Amino acid sequence: MTVLVFGKTGQVAAELQKHGDVVALARSDADLGAPEACATVIRALKPRAVINAAAYTAVDRAEDDEDAAHRVNAEAPAAMARACTGLDIPFVHISTDYVFAGTGAKASTPEDAAAPRNAYGRTKLLGENAVREAGGRYAILRTSWVFSAHGSNFVKTILRLSQIRDVLQVVDDQIGGPTPADAIAEACLAIAARLAADGTTSGTYHFSGTPDVSWYEFASEILSRTPGATALQPIPTHAWPTAATRPRNSRLDCTATEAVFGLARPDWRSALDGVVDELERVG
């Protein structure tokens, strides 16, 4: 029996595939744009657990393409959750801090009211609600600022731009916890195993890296690990307009996750060392 993962090339999915007994599905295997096809695959394979590591993550594009984002972020996980409930197997669904308004300076708890400010956040919240409504053995794991040596992420963008620009402008008034993808993958597997043994732990949880920093501070740490003379210039959010409104406060309270599953917040600075080293090795 295997752990079935939706998503194959994404950051967390790539890390999950480093673990044994994991089968990851590409879009050609199960298109999240056709939600019932995802449920059909689950029922056919009958895995011991399902992890949904796939999503429509083009935050700005979702503003003009909310229907497509809704199919992938809301309808697909709903179909997956119902299939898992029918088989009585754990379903772990990765979500985002973007379901919150992102105001103030307090870390959001799983119980805090959601108030997404963009299409991506709205569709992810609808997906969360559908997973809860399906019942069964489930965990919604909200995370933030994911990075790894795979896919597209802030670390790779900063390193790439540092090769071609003398000065980089980086927002310094958005605060959150950068989260290594490998830590998320390990957390998902641990949570799935616990759900299989104890369905009463079902619920919504948070998991993000520590310490919380601004994008500017994160960029400073990234560049401190590489040679070069690229300068950083801090700027406010309003000086970097985007189609979708970003939360200023992406802090997540992860207390419940550690209490229930024994999963402490990972130190992203240690993980960053490994990611930069891996990127340097692969060129």
Can you give me the number of residues within segment 213-242 that are within 23 Å of Asp60 (Cβ to Cβ) and surrounded by fewer than 13 Cβ atoms within 10 Å (Cβ to Cβ)?
-> 6
Criterion: surrounded by 19 or more Cβ atoms within 10 Å (Cβ to Cβ) and assigned to a strand (DSSP E or B) - qualifying residue of Thr204, Thr257 = Thr204
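Any idea how many residues of segment 260-283 are assigned to a loop (DSSP other than H, G, I, E, B) and of a type in the set (A, V, I, L, M)? Can you show your working first?
The initial filter retains those residues of segment 260-283 that are assigned to a loop (DSSP other than H, G, I, E, B), namely 262-266, 283.
Checking which are of a type in the set (A, V, I, L, M) leaves us with 263-264.
Going through segment 260-283 one residue at a time, the tally reaches 2.
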Hey, could you check segment 190-201 for residues that are of a type outside the set (A, V, I, L, M) and assigned to a helix (DSSP H, G or I) and say which is surrounded by the most Cβ atoms within 10 Å (Cβ to Cβ)?
-> Arg194
Helices (runs of 4 or more DSSP H) contained in segment 1-103 and holding at least 2 residues surrounded by 21 or more Cβ atoms within 10 Å (Cβ to Cβ) and in contact (Cβ under 8 Å) with a residue 40 or more places away in the chain = 11-16, 35-45, 76-87
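Does Ala185 qualify as being at pLDDT 95 or above, under 30 Å from Val22 (Cβ atoms) and buried (at least 23 other Cβ atoms within 10 Å of the Cβ)?
Yes: the conditions hold for Ala185.
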Select from segment 1-30 the residues that are over 20 Å from His150 (Cα atoms), among the charged types (D, E, K, R) and modelled with pLDDT of 95 or more and list them in ascending order.
-> none
Which of the residues that make up segment 248-282 are among the β-branched types (Val, Ile, Thr) and within 19 Å of Arg142 (Cα to Cα)?
-> Thr255, Thr257, Val260
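The values are calculated or read from the model by the stated rules, or taken from the named source; none is laboratory data. Everything numeric in this text was worked out from a predicted model, so none of it was measured. Please note: Cβ atoms are built from the backbone with ideal geometry, for glycine as well, and neighbour counts cover all protein chains shown.
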